[in-house]
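To keep things clear, I will list the structure first and then write my remarks on it.
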Amino acid sequence: MRDTRRAHALVIHPRDNVAVVLYDLAPGTEVETVVRGRRSHITVRERIPAYHKFALLRIRRGGRVVKYGEAIGEATANICPGAHVHVHNVQSRRVRPREG
C-alpha cells in the first residue's frame, strides 16, 4: 500500500531543481514543497533517505543539478521528478574521477 501522507521537504533557493527531504520517505509518498510562495506536490518514486535530495523537475543527462541556487553537479543519467538525486546519477562539477 502506498504511503499517502504529506511530507515536507526543503527547497533552499528558488532556482533549485532539487529539494532535501527532512526524514526518510517511502516510494509513493506525496511531498509538499513551497517555492516563491507557491505550493507544489510531487510523489517520490523511490526510497529517499533523510537529508538526501530528490528532483523537483526533469533533469536531462548532462544537465545541471542546482542546490543553494548554484550548480553542484551534472546529471549522469536522465532524472525524473521525484527521483533520488545522489552519487548514482550525479557527478560533481568540482571533483572529477581520475582516469587510468
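Sorting 48-59, 63-74 by average packing, meaning the other beta carbons within 10 Å per residue, from highest down gives 48-59, 63-74.
Projected label points at GLN91 and LEU10, each 7 Å from Cα along the beta carbon direction, are separated by 2.9 nanometres. Prolate is the label for the stretch 7-53. Its Cα gyration tensor axes, ordered a ≥ b ≥ c, give a/c of at least 1.5 and a/b above b/c.
Note on the chain: GNM, Cα springs under 10 Å; of ARG47, ARG60, ARG39, the largest mean-square fluctuation is that of ARG39. With the cut-off at 1.5 for a/c, could you classify the chain from its C-alpha gyration tensor as rounded, prolate or oblate? In terms of gyration-tensor shape, prolate.
Rule-based calculations on the coordinates, nothing more; no lab input. What you see is a predicted model; the values in this text were computed from it and never measured. All Cβ positions, even for glycine, are placed from backbone atoms using ideal geometry, and neighbour counts span all protein chains on display.
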